[in-house]
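J.: Attaching a single structure in structure tokens format; questions to follow.
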Amino acid sequence: MKVLIVDPDGTLLPEIHQTLSSRSGVEVYCAKDAETAIQYVQSLGSIDLLFTDAFLHGMDGFTLSATIRGICPAARTIFLTVYDLSSYTQALNGALVLHRPAAPEHLLAVLEPSIEAHPNLPEPLTEGKNLGTFHLLRDAGNKGWVFQFAAVQVGLNRSALITVLDSKEALNPAVREAFLADASAKARVLHPTVLAVYEAGEADGWTYYASERLEAPNLQMLSDRGDKLPVPTIFRIARSIAEVIQYLESAETPHRPLSPSDILLTADGMPRVLNPAIAPTDTHLPAASDLGLLGKTLLTLLPEDAPENLRLTLERSQPGHPETFTGWNTFLETLDLAEASAEEALEENAELKTASRPKAASIGIALGLFLSLAGAGFYFAKQAASEKPELPEQITIPEGRYLIGKGTPTNLPTFWIDATEISVAQYARFLVWIQKHPEKAGQFNHPEQPPNTGHTPEGWNESLTTLVREKGKKAQDPQLEMPVSRISWWSAFAFAKWAGRELPTQEEWEAAARGSKGLLFPWGDESDFLKATVKPVASGPSAKPTHVDLQPDVSPFGVHGMAGNVSEWTATRTKENMAVIKGGHFESTLLKLDSAQLVEPAARKPYIGFRTVTHTPKKP
């Protein structure tokens, strides 16, 4: 129970605090004026009881009471005053009035109902706290009288979803028993497609259960986005869900109907199901409800060129269809026939392609002879070719509203960003061009670039430039595929301009890294140092930078290496002439993507590189 006292002269606090000191579970806060009191309520989230006088300096007690009720409607107000407030009935709005000095027993009698209504509850669960053996990473939402946290099990380093019963609801033995009975029913489900329950019980005053956690899009999200799935994936989902429901029915396990948001799809196209098992009840929905929901969703995800037999099979799953399925067995039998028909059609297409292959082969031979005859010409052109930009492929980041920084919504137009960081080989071609055309190099420099600023990285191995100059695209050296580093912001700007591109702004960089949902890491909101090229812990050894195209972290849009390997220059600069760099690096621990660092543009660090963007689509 949270009690807030507005006490300008410091006389109320001792009087009330002494009365409440004998009661556990009561938190007392004191503010010197109404404005401070409102700030307290906003920071605490809510209060249960407000003590105030009616007449205060600035905002009066009546207005304060109404303002706080607007923030937390359940809060009660008690006016403790020496004045007669009988003529202020409307302004009191049902609040209690006690006259000072109030006898402790009188005050306690008034407070007793409120204290009993707020028993001693456990400390609130928040991000960063532990619950038993689990470390809570982030709030994962609430569903009625339960709420969830993404977590990791300490010691095992195992990802988990923690489902917690509301502490007030847990005081009711029947509710608590039903919650644990559901957890027990889920724990008995042992099927590879269903997310498992690890354990259930109590810890730190909370009743909870821990289950397997998988961060992957669900079918509802894909359907809402207008995505279409490959036909083999549609078959795989339909069969897997049918097998899950049949498994539950054979084990006589009651379950809630599966909705599209319960079916997750992994990156390799495998479906996983949120555990639907529930404790036995008096009612049980028939399997047809699951079948109808599944068929309806898969129809929205079906590509236009899908086999007609598959489409007809899914349409028959709908309750209003004249030949609707009577159960999962007949659905699976019909699905088998549709899949066999689809595979037969693919084989026929493959035979047709094989029959036409000799003609294509003869064309290939003729083309090979032409290339052989032209080889000498290409050899002499190689020197000039090595001067041209050789850049990473770019990923399209669609126009939309993105969360930037700590949650600022920002509208961005479509742009294109490099799929990987700029490599040593790609930067070496820039140096080759500068060496051959020193008189033209200045045209790519930033107007504010200090004089006598070179673009060769500190400690640069000149043999790499020679290798690129002589071998062009065929240059072979592992160092060439590493991210270029030890270059200043000025050099990154000049390279981008020379290549016909630009540095990304901080907003563009975050949009490409965090996706449309504003994730804290490219893969989700879970902190996992194994998924990026970074240090495991602050006190541990540094990681080693690796090839730009071998980065383990991939953003929702398919951009690689934004959480680690090297941090990256952006186009964003502050009024103090500092440049913003984004992303973690091999010498840092894992950083959230909403963080940023300010670095002087002239800095040349071994852990800072860059990538580029364009704002016009690539010509076909």
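J.: Between residues in segment 292-318 that are over 18 Å from G269 (Cβ atoms) and residues that are β-branched (V, I, T) and in a loop (DSSP other than H, G, I, E, B), which pairs lie under 8 Å by C-beta distance while being six or more apart or on different chains?
T.: Final answer for the pair search is R316/T324; S317/T324; Q318/T324.
Conditions (1) assigned to a helix (DSSP H, G or I); (2) of a type in the set (A, V, I, L, M); (3) closer than 23 Å to S567 by Cα; (4) over 35 Å from the mean Cα position of the chain (by Cα), marked per residue:
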{"residue": "E439", "(1), (2), (3), (4)": "no, no, no, yes"}
{"residue": "P447", "(1), (2), (3), (4)": "no, no, no, yes"}
{"residue": "P451", "(1), (2), (3), (4)": "no, no, no, yes"}
{"residue": "G459", "(1), (2), (3), (4)": "no, no, yes, yes"}
{"residue": "S463", "(1), (2), (3), (4)": "yes, no, no, yes"}
{"residue": "S485", "(1), (2), (3), (4)": "no, no, yes, no"}
{"residue": "A494", "(1), (2), (3), (4)": "yes, yes, yes, no"}
{"residue": "G500", "(1), (2), (3), (4)": "no, no, yes, no"}
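J.: Can you name every residue in segment 39-57 that is under 22 Å from L98 (Cα atoms) and free of Cβ contacts under 8 Å to residues at least 40 places away in the same chain?
T.: Residues satisfying the conditions are A54, F55.
J.: Next up: Let me confirm something: among L131, L49, L80, which residue is within 30 Å of D182 (Cβ to Cβ), modelled with pLDDT of 80 or more and either surrounded by 12 or more Cβ atoms within 10 Å (Cβ to Cβ) or among the acidic types (D, E) (or both)?
T.: Going through L131, L49, L80 in turn, the sole match is L131.
J.: I need a count of the residues in segment 417-428 that are open to solvent by 10 Å² or more (accessible area, probe 1.4 Å) and either at pLDDT below 95 or among the aliphatic types (A, V, I, L, M) (or both).
T.: Going through segment 417-428 one residue at a time, the tally reaches 4.
J.: Follow-up question, since we're still on this one. When the residues of segment 322-338 are narrowed to those that are assigned to a loop (DSSP other than H, G, I, E, B) and β-branched (V, I, T), which ends up least open to solvent (accessible area, probe 1.4 Å)?
T.: Among residues in segment 322-338 that are assigned to a loop (DSSP other than H, G, I, E, B) and β-branched (V, I, T), the one least open to solvent (accessible area, probe 1.4 Å) is T324.
J.: Which ones in segment 295-317 are open to solvent by 10 Å² or more (accessible area, probe 1.4 Å) and either closer than 14 Å to I241 by Cβ or part of a helix (DSSP H, G or I) (or both)?
T.: Within segment 295-317, K296, T297, L299, T300, E308, N309, R311, L312, E315 qualify.
J.: All but one of (1) in contact (Cβ under 8 Å) with a residue 40 or more places away in the chain; (2) out of contact with any His (no Cβ under 8 Å at 6 or more places or on another chain); (3) over 17 Å from R514 (Cβ atoms) hold for V566, so report the exception by its number.
T.: Just one mismatch for V566, condition (2).
J.: Looking at V566, V559, which is the one that is closer than 23 Å to P392 by Cβ, open to solvent by less than 10 Å² (accessible area, probe 1.4 Å), β-branched (V, I, T) and under 21 Å from the mean Cα position of the chain (by Cα)?
T.: The conditions single out V559.
J.: Exactly one condition in (1) modelled with pLDDT of 80 or more; (2) surrounded by 19 or more Cβ atoms within 10 Å (Cβ to Cβ); (3) under 21 Å from K168 (Cα atoms) is false for L111; which is it?
T.: That leaves (1) as the condition not met.
J.: Looking at (1) open to solvent by less than 40 Å² (accessible area, probe 1.4 Å); (2) in contact with a helix residue (DSSP H, G or I) (Cβ under 8 Å, 6 or more places away or on another chain); (3) at pLDDT 85 or above; (4) not polar (S, T, N, Q), which one does A200 not meet, given that it meets all the others?
T.: If we test A200 against (1) open to solvent by less than 40 Å² (accessible area, probe 1.4 Å); (2) in contact with a helix residue (DSSP H, G or I) (Cβ under 8 Å, 6 or more places away or on another chain); (3) at pLDDT 85 or above; (4) not polar (S, T, N, Q), just (1) comes out false.
J.: Does L412 meet the test of being of a type outside the set (S, T, N, Q), surrounded by 11 or more Cβ atoms within 10 Å (Cβ to Cβ), within 24 Å of D227 (Cα to Cα) and modelled with pLDDT under 80?
T.: Answer is no for this residue.
J.: Could you run through segment 183-227 and say how many residues are more than 18 Å from R158 (Cβ to Cβ), in contact (Cβ under 8 Å) with a residue 60 or more places away in the chain and not in a loop (DSSP other than H, G, I, E, B)?
T.: Matching residues across segment 183-227 total 7.
J.: Now a separate question. Consider only pairs whose beta carbons are under 9 Å apart and that are at least six residues apart or on different chains; among these, list those whose first residue lies in segment 230-253 and is under 13 Å from L190 (Cα atoms) and whose second residue is open to solvent by 10 Å² or more (accessible area, probe 1.4 Å) and basic (K, R).
T.: These pairs meet every condition: A251/R188; T253/R188.
J.: Have a look at L136, L161, L180 and point out the one that is outside any loop (DSSP other than H, G, I, E, B), open to solvent by less than 60 Å² (accessible area, probe 1.4 Å) and in contact with a Gly (Cβ under 7 Å, 6 or more places away or on another chain).
T.: L136
J.: Turning to a different aspect of this structure: Of the residues that sit in segment 516-556 and are in a helix (DSSP H, G or I) and either at pLDDT below 90 or closer than 11 Å to S588 by Cα (or both), which one is most open to solvent (accessible area, probe 1.4 Å)?
T.: Of everything passing the filter in segment 516-556, L530 is most open to solvent (accessible area, probe 1.4 Å).
The values are calculated or read from the model by the stated rules, or taken from the named source; none is laboratory data. Everything numeric here is computed off the predicted structure, so don't read it as measured data. Cβ sites come from the backbone with ideal geometry, for glycine too, and all protein chains shown count toward neighbours. Areas reflect the complete protein model, heavy atoms only, side chains present, ligands, DNA and RNA absent. Shrake-Rupley method; radii C 1.70, N 1.55, O 1.52, S 1.80 Å.
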